[in-house]
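Notes to accompany the following structure.
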Amino acid sequence: MESLIILIPLALILIAVAIKLFFWAVDDGQFDDLEGPAHSILFDEPQQIAKANAHDHK
Amino acid sequence: MTDTRCFHCTLPVSQPVVFFADVEGTAQPMCCPGCKAVTEAIVAGGLENYYRHRTESANQVTDLNQRLQEELQIYDRAEVQKDFVRPADSASQSQDNHLTASLLIDGITCAACIWLLENHLEALAGVARASVNLSTHEAQITWDNSEIPLSTILLEIHKIGYQAFPWRADQQEALLKNENRTFIRRLAVAGIGAMQVMMYAIALYSGAISDDMPDIYRDLIRIFSAVIATPVVLYSAAPFFKAAWRDIKIRHLGMDVPVSIAIGGAYLASLWATFSVYFFTDGSIYSIAEGSLYSTAEGSGEVYYDSVSMFTFFLLTGRYLELRARHATARAARALTNLLPPSCLKEVNGHYQRVPVADLQPDDKVRVLPGDAIPADGILISGSTSVNEAMLTGEYLPIEKQPGDTLLCSSINVDHPIELKVSKVGEETRVAGIIQLLQRAQQDKPAIAKIADKVAGWFVACVLLVAICVYWGWSGIAPQDAFWITLSVLVVTCPCALSLATPAALTAATGYLHRLGLLVTRGHVLEGLKTIDHVIFDKTGTLTKGELSLSQVVPLANGNSSKEALLQRAAALEAHSEHPIARAFFYTVESLHEQAHEVKNHLAQGIEGTIGNCRYRIGRPDFACPASNVATPEQDGQWLLMSESTDQKLWQPLCWFRITDSLRPEAAHTIQRLQQMGKTVTLLSGDAEPVVAATAESLGIRQWKSESSPDDKLHYIQTLQSQGHKVLMVGDGINDVPVLAGADISMAMGNASDLARTSADAVLISGNLERLADAFNLTIRTRKIIRQNLAWSLGYNLAALPLAAAGMIAPWMAATGMALSSLIVVANALRLNRPGKLPKTPTESEDVYAHLEPRGAA
């Protein structure tokens, strides 16, 4: 139980850090578009393959 | 009937398919040269993946023409650019030519569009960076001005099927952004705080139940809970306190008042419980009095930090979803007003020069080409033409104009180039007048009070009264317990389930409707729909698609050509016209096998031209066949006559073509459903009587009114309202704006003018009228859920209240019960989100083209 005396304040510091990070992300505009980036990750990979194929044909 | 659909825009394509584009080795059908060009541009850029990933079809593409290029070149001018272009970030100082522009992109339907735009633009030489925001449709483009002009970039955007406009992030936009960010921050603080405090609460509760937790740890956990809950209450819950304060000042017990009392009261009591020990006991007593649920006078009481944080988080989540829907429409609405106005040709020193419309002054001379919008109110000084005033009057057929006639701003010049003298600009124009009418109507709008707010007002008053009584009673019996019992009464009756009951159901229903393509922008829509007994439709653009199409071909006996051949010839002639009627022909012919020569446009009469060695005329019967009086096959609808002549004197009538504004495929079914629900459906239109009557008849509408001006329409619904009816208005044009604002609930079509969209309470994004009937259905379900929720939360509160008042419920039990009842309410509301019972709607191809004979024959 004694460990609580250290762990609880530690948790508090972690929360403060988490909120700080979150605020930074908000100010950075990372929450301005909640839909686009989630999809964009899907697009790029096949594009690379298509390019690679094009090179093969040359 | 055909099932082939355009690969790009997924609109039906007539058989046989004429346009093909090669995509990944397969020839894909295309509906028009525009889509073909776009698809080829996309494929040429190596961006075929767009078609694989998109979830929504693209918009049909309009042709790129010379005028567009000229217009875009205006944006290359420095004085025009100063509003939306700024130097690129100083990170790359060496390149002074780098600029960044904010653009608003029109036509974005899904995430694949973003990818397509970004990749296509970044592949251009000179473009350093392009990023597009899917939520706001805003694009930031950084480019090297010495390598590529902005107009070329804009043109490239047009080439792949989108439209780009300059976007000036004004003060209001900055406010929206700020509001959004602040809200996310509040949510984050509440969410993270609630998570942490609830973890501590578990420790506290298990300690309280087993009663073996050393007090020092209990106090430690409580103090840290207080530290975490403080920012949640002071920062995250601040909007509730502010709103409650506002409510109290105007002497109205709104939902925010009980919410604030619950959050504030529980928080302050918890603080008291946590810290009073140190003030009254010199820090020496750490014991709970035995035999009592409550601690004795110097004891510590219970803490509710977990409930406070969780409650704040739940409520904020609901409000955030509401905020986002509100912002989405606010942006869409302001998009137009913020744009640089389109350009016009103004006479400067004897030459016509393209200038932004904002530069116009009264008495300027302006030249308007066919297809252009008229930039200001004015007088026609030379040339005669016909003008489409559909935006203002709803009349979709062009009106003839002669020199000396008045031309209205934002109507479209159809036939010939004209010159006009500007008489009124900007605020003084007729369009601006309609906007003022709108503002007046909006102010008159009856506010539909919110159910929950009403219930809450009484509820709060009762709870406060009971709490006071309980305190007074217990201070006589057991003064040391009075405060804690009163508090457990307040917690047990905490109206959180009650205050969540309505918003949770509304949020779920709104979200579900949004997924179906109906965007609800004002809170009262779902509650108000149930009272609606009159549904009023505008015709053009609402029940109809607002574009002319060919609905019937009737060859006359004296001709011996086949229907297809006649249609071919008509299309060959119409291919030389910009008139809306001509477009009806364009879409029905597979390709032009014949070409018309020596084509002459006769204003407001028709077209004349040579095909082969015969002269043909198509247009009004008295024009096509001046000598004889041929009767139209039927009374209603607009009929065009085609005739031929070998000597240009004697005209032989050949064939009748009937032109109508095509009805939306789902319109009839929707109206039937609405009538089955017991709603009175009325058709209000600015069009001529025969057309309106025919439309009403074909849709089964019994009440209709034709040739109504915006004022007439407004008057009509006000009369209904004065008789105690509740009116829902569905419309699209600027002419509908005042009546949209005056109706109890208004709904605009997705392709409506932006002004109509702003003034409407809901926007039918999908353009599918069937969703309107679905919304009514959903309202019934929503109401049921809201009733269940209210019944449950009220029942729970009323059952628990006597127990708590009798001192039989420990505050921790009260808090758990409160949380559980909130969860039940939310879970119940989420049932609205379940898809399912909506009936299937007929697809476009089934109905629209079924009645179109040439296609069936082809």
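The values are calculated or read from the model by the stated rules, or taken from the named source; none is laboratory data. Keep in mind that this is a model prediction, so the values were computed, not measured. Every residue, glycine among them, receives a Cβ derived from its backbone with ideal geometry; neighbour counts consider all protein chains shown. Heavy atoms of the whole protein, side chains included, go into the accessibility calculation; ligands, DNA and RNA do not. Shrake-Rupley method; radii C 1.70, N 1.55, O 1.52, S 1.80 Å.
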Practice item. Note down all Cβ pairs under 7 Å where the first residue falls in region B:525-538 and is within 18 Å of B:Gly678 (Cβ to Cβ), the second is part of a helix (DSSP H, G or I) and not basic (Lys, Arg), and they're at least six residues apart or on different chains. Key: B:Leu529/B:Ala775; B:Leu529/B:Phe776; B:Leu529/B:Thr779; B:Lys530/B:Thr779; B:His534/B:Leu720; B:Val535/B:Leu674; B:Ile536/B:Ile717; B:Phe537/B:Leu543
Check your understanding: Out of (1) at pLDDT 85 or above; (2) within 23 Å of the chain's Cα centre (by Cα), the odd one out for B:Val737 is which?
Key -> (1)
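Output the residue which, of all residues in region B:114-123 that are in contact with a strand residue (DSSP E or B) (Cβ under 8 Å, 6 or more places away or on another chain) and of a type outside the set (Asp, Glu), is farthest from the other protein chains (Cβ to nearest Cβ). Before the answer, list the steps.
First pass over region B:114-123, keeping only residues in contact with a strand residue (DSSP E or B) (Cβ under 8 Å, 6 or more places away or on another chain): B:114, B:117-118, B:121-122.
Among the residues that remain, those that are also of a type outside the set (Asp, Glu) are: B:114, B:117, B:121.
On the way: B:Ile114: 5, B:Leu117: 11, B:Leu121: 14 Å.
Filtering first and then ranking leaves B:Leu121.
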Check your understanding: List pairs: first in region B:106-118 and crowded, with 24+ Cβ neighbours inside 10 Å, second at pLDDT 80 or above, Cβ under 6 Å, 6+ apart or cross-chain?
Key -> B:Ile114/B:Val132; B:Leu117/B:Val132
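Could you look through region B:640-698, keep only residues that are more than 30 Å from B:Glu608 (Cβ to Cβ) and assigned to a loop (DSSP other than H, G, I, E, B), and pick out the one that is farthest from the chain's Cα centre (by Cα)?
Here is the first cut: in region B:640-698, the residues more than 30 Å from B:Glu608 (Cβ to Cβ) are B:663-686, B:689, B:692-693, B:695-698.
Those still in the list that are assigned to a loop (DSSP other than H, G, I, E, B) too: B:664-666, B:677-679, B:685-686.
Values: B:Arg664: 19, B:Pro665: 21, B:Glu666: 20, B:Met677: 25, B:Gly678: 27, B:Lys679: 24, B:Ser685: 23, B:Gly686: 24 Å.
Going through the qualifying residues, I end up with B:Gly678.
For residues that are closer than 16 Å to B:Leu543 by Cα and at pLDDT below 80, scanning just region B:709-733, find the one that is least open to solvent (accessible area, probe 1.4 Å). Quick ask: steps written out before the conclusion?
Let us first name the residues in region B:709-733 that are closer than 16 Å to B:Leu543 by Cα, namely B:728-733.
When the remaining residues are screened for being at pLDDT below 80, the result is B:732-733.
Values: B:Asp732: 27, B:Gly733: 8 Å².
The selected residue is B:Gly733.
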Point to revise | Given (1) surrounded by fewer than 18 Cβ atoms within 10 Å (Cβ to Cβ); (2) modelled with pLDDT of 80 or more, number of the condition B:Ala229 does not satisfy | key: (1)
Review point. For B:Ala203, which of the numbered conditions (1) free of Cβ contacts under 8 Å to residues at least 24 places away in the same chain; (2) open to solvent by less than 30 Å² (accessible area, probe 1.4 Å) fails to hold?
Key: (2)
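One line per residue, one yes/no per condition, for (1) part of a helix (DSSP H, G or I); (2) at pLDDT below 85; (3) at the interface with chain B (Cβ under 10 Å from one of its Cβ atoms); (4) closer than 29 Å to B:His327 by Cβ:
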{"position": "A:Ile6", "(1), (2), (3), (4)": "yes, no, no, no"}
{"position": "A:Ala11", "(1), (2), (3), (4)": "yes, no, yes, no"}
{"position": "A:Ala16", "(1), (2), (3), (4)": "yes, no, yes, no"}
{"position": "A:Ile19", "(1), (2), (3), (4)": "yes, no, yes, yes"}
{"position": "A:Gln30", "(1), (2), (3), (4)": "no, yes, yes, yes"}
{"position": "A:Glu45", "(1), (2), (3), (4)": "yes, yes, yes, no"}
{"position": "A:His55", "(1), (2), (3), (4)": "yes, yes, no, no"}
**Study point:** Every residue from region B:489-535 that is at pLDDT 75 or above and not hydrophobic (A, V, I, L, M, F, W, C)
**Key:** B:Tyr512, B:Gly528, B:Lys530, B:Thr531, B:Asp533, B:His534
Revision key, fill the gap. Of (1) surrounded by 20 or more Cβ atoms within 10 Å (Cβ to Cβ); (2) facing chain A (nearest Cβ under 10 Å); (3) touching a residue at least 40 places away in the same chain (Cβ under 8 Å), B:Glu138 fails just (3)
Check your understanding: Within region B:234-250, is even one residue away from chain A (no Cβ under 14 Å), farther than 28 Å from A:Val17 by Cβ and in contact with a Phe, Trp or Tyr (Cβ under 7 Å, 6 or more places away or on another chain)?
Key -> no
